[in-house]
């Protein structure tokens, strides 16, 4: 297992760039091999969206709460397919942190219809 010299994450054997930070790594450089390192964590899908921006917002919320998250976008921007299986954006989290991620995503956020200064009767005239 190679360790990225930039972010110190484990890089699977055979890859030439870090999956976490994108830094270039030398797969043949034995000086960065950490034989005592733990096995890289397994990641699983926590949510699937039809737009990449939604997936990035959710990943950002998880990251802001300390849960590593990444987005795999399969949205075909060249043909503008944004529905169904042709437009999937998946949010991944480490398996070990999945319960924590589920709790974070279950937390209430701002209501999309909420505007400060307004109540159920409409805008205030103060």
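The values are calculated or read from the model by the stated rules, or taken from the named source; none is laboratory data. Everything numeric here is computed off the predicted structure, so don't read it as measured data. Neighbour counts run over all protein chains shown; Cβ positions are idealised from the backbone, glycine included.
Just a few scattered comments:
- The residues on offer are 46, 57, and the sole one that is modelled with pLDDT of 85 or more and touching a helix residue (DSSP H, G or I) at 6+ places or on another chain (Cβ under 9 Å) is 46.
- Filter pass, residue 87 being crowded, with 16+ Cβ neighbours inside 10 Å, modelled with pLDDT under 80 and assigned by TED's automatic domain parsing to the domain that holds residue 60: yes
- Among the candidates 27, 41, 12, residue that is at pLDDT 70 or above and more than 30 Å from residue 106 (Cβ to Cβ): 12
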